[in-house]
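None of the figures in this text is laboratory data; all of them are computed from the coordinates on show. Just so we're clear, the structure is a prediction, and the values are computed from it rather than from any experiment. Every residue, glycine among them, receives a Cβ derived from its backbone with ideal geometry; neighbour counts consider all protein chains shown.
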Amino acid sequence: MRKKLLLSILFLSGLALFFTSNEAQAASQTLFRVYNPNSGEHFYTQNSSERDLLVNVGWHDEGIAWETPGSGITVYRLYNPNAGDHHYTMDVNEYNHLEKAGWRKEGEAFKSVDTSNKEKPIGIPVYRAYNPNTKSGAHNFTINLNEQRHLIQVGWKDEKVAFYAHHGSNDYFNIKTVHKSGTKVLKESTTRVKEGFNYIANAENFSGYELVGSSRQEIKNITSSKEIVFNYNKVNKDKLTNALKSLDGLKADDYTPISWDKLMASKDAAKDIEAREDATQKEVNDSLNDLNERINELVGRAKFQALKDLHLSATGIGPHHYEDRPTYLLFHEAYSGAYMRMNDLNSSQSEVDEALNRLQGMVDSAKADASQTLLDQLQRLYDTGMTKNSADYTLASWNELNNCLNAAKGILDSERPIEETTQPVLDKLQVALDNLILIADKTDLQALYDSSQGLGPADFGPREDYTAYHNAMGDAWNVLADENLSQQQVDDCFDNLEAALSRRTS
């Protein structure tokens, strides 16, 4: 398209020279202006065919630039093949200088009023402005002083009057373009347009305001002065501002981190929209809707204390609290799940409650812990047993006590002993203490036994007396060899032997 436009310009430039030379004798001629949106160039021609062809290949028709005189000072046209730009000047020196700089001379473009001729009306000034920031479309020519002033305000350089348009035409009308919001005028300008021609006005952008309706308006076949009005609505940010203010009382600790972070991201984006002067009403409304959605999606942070207390109270529950390992594994799963849940700040209250109920159920099904009273009793018995001396008791009774003491120590050292195993250990320890047997004194029995050896039937009367003696000696031998008998048993054996010996006859 760019190449097509440039070729069209080259072609039409020659065509324009032909038409200009043939129409030069007219009292005044209309000069048309078209605009290239790709290069930013304004092009001026008296040739309506040239104008139409350019419009057909993408240029914008800007209507009439001004009326040129039929005679006067020649305004030359040049073409820059590097930038694809045209320039107009009635300064012959500038015309020649630009040719040396690489521009192509295209001859006369139109005439300028010769203001030195006092017999003719003074012409209308055509102002020239230069844009130092661009190569193509670097110069603008206009009889509209407001346009000239606007360009200077936005950075163009004022190059004063370039030449003069034909003066005194009575077939022009003022087209006033007004940009307003309600009764407030944002900007207005007036352009002179020749009778019977068309005029197109384009809306402008204003910070804080949004255009209502079309951005382009056209008046065709102008027969009188007209006013074109572009209406704008002031962008309303009040609801967005109020929504942002409503967040001031919210605290991050009251909500899950995920939902809070989403709200903060939406808040930051909303504050950017609020601060932007060029934000549209749609952007404001979209930001408000997003902010309200994030507010509605906030999830309150769950209360974890009950779960934490239960988890702490369940510490130490082990396999011995359950009938079988699968049941214990269910407890362990609930216990671990509770730990993970109470450390996840994004948990909802329902999720926390579910973990609490699950763990509570497993704790309730565990075997009962031993009461502190029961453990205190076991501790006392254990302490009593530890005061005993093994040398004082028979081996069997001491071994039984020692076994019970070890079992008691295992209970007392465990983290959470259960009543089911603690009570039997307590009972056995009590029995072991009660059944301790002191080592018996066998001195008298040994002496009696030693002194009574060697007796025979002749030493006794009736046979049964000797049998009694013989049995009593056997019992004494067994008692003397048994280290686990009590003093009472030893004494009973002594008395029995002594009674048998009392029946001796010699």
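Three principal axis extents of region 368-506 based on alpha-carbon atoms, in descending order, are 72, 24, 17 Å.
Report the residues of region 209-232 in range of a label on Asn144: point 7 Å along Cα→C-beta, backbone N strictly under 18 Å from it. Those under the cut-off are 215-231. Whole-Hz Karplus values for region 491-502 come out as 5, 5, 5, 4, 4, 5, 5, 4, 5, 5, 5, 5 Hz, taken residue by residue from phi with 6.51 cos²θ - 1.76 cosθ + 1.60 and θ = phi - 60°; glycine and proline positions read x.
Can you check what the Kirkwood hydrodynamic radius comes to for region 209-352, Cα pairs only, in Å to one decimal?
Values: mean 1/r = 0.0491 Å⁻¹.
Hydrodynamic radius (Kirkwood, Cα only) of region 209-352 equals 20.4 Å.
Taking every alpha-carbon pair within region 443-501, the share separated by more than 15 Å comes to 43 percent. If a spin label sat at a point 7 angstrom from the Cα of Ser371 along the line to its beta carbon, the backbone N atoms of region 417-460 nearer than 13 Å would be those of 419-420, 423.
So if we plug the beta-carbon distance of Leu312 and Asp364 into 1/(1 + (r/R0)^6) with R0 = 22 Å, what FRET efficiency do we get, rounded to 0.05? Numbers along the way, then the final one.
Working: r = 16 Å, r/R0 = 0.74.
Calculated transfer efficiency: 0.85.
The H on the amide N of Ala65, modeled in the peptide plane, is under 5 Å from the matching H of Leu31, Phe32, Arg33, each at least 5 residues off or on a different chain.
Whole-percent P(r), region 172-256, all Cα pairs, 10 Å bins from 0: 16, 32, 21, 11, 10, 6, 4, 0.
Note on Lys220 and Gln489: the model spin-label points, each 7 Å out from Cα along the C-beta direction, lie 13.6 nm apart. Classify region 49-120 as rounded, prolate or oblate from the Cα gyration tensor: take a ≥ b ≥ c as the square roots of its eigenvalues, call it rounded if a/c is under 1.5, otherwise prolate when a/b beats b/c and oblate if not. In terms of gyration-tensor shape, oblate. Converting the Cα gyration tensor eigenvalues of the chain into ellipsoid dimensions via √(5λ) gives semi-axes, longest first, of 130, 24, 16 Å.
Non-local lysine pairs in region 173-234, meaning eight or more places apart or on different chains, with alpha-carbon distances under 22 Å, amount to 13. In terms of its Cα atoms, region 305-364 spans 35, 18, 16 Å along the principal axes, sorted from long to short. Rg/Rh for region 372-434 (Cα atoms only, Rh after Kirkwood) is 0.98. Going 7 Å from the Cα of Leu412 toward and past its Cβ, which residues in region 352-382 have a backbone nitrogen under 18 Å from where you end up? Only 370-382 pass the distance filter.
The GluC sites (Glu not before Pro) of region 349-426 meeting both criteria, a DSSP state outside H, G, I, E and B (loop) and at most 13 other C-beta atoms within 10 angstrom of the site's C-beta, are Glu415. Inter-label distance, Asp248 to Asp268: 2.2 nm, where each label sits 7 Å from its Cα along the C-beta direction.
Roughly speaking, what is the stretch gain from Thr421 to His470, that is 0.36 nm per residue apart minus the C-alpha to C-alpha distance, in nm to one decimal?
12.6 nm
Counting neighbouring beta carbons within 10 Å and listing from fewest to most, the residues Asp482, Asp253, Asp444, Asp85 come out as Asp253, Asp444, Asp482, Asp85.
Between Gln453 and Val431, the simple label model (points 7 Å from Cα in the Cβ direction) yields a spacing of 4.0 nm. What is the distance in Å between the Cα centres of region 206-251 and region 75-146? Taking the Cα centre of region 75-146 as reference, the centre of region 206-251 is 39 Å away.
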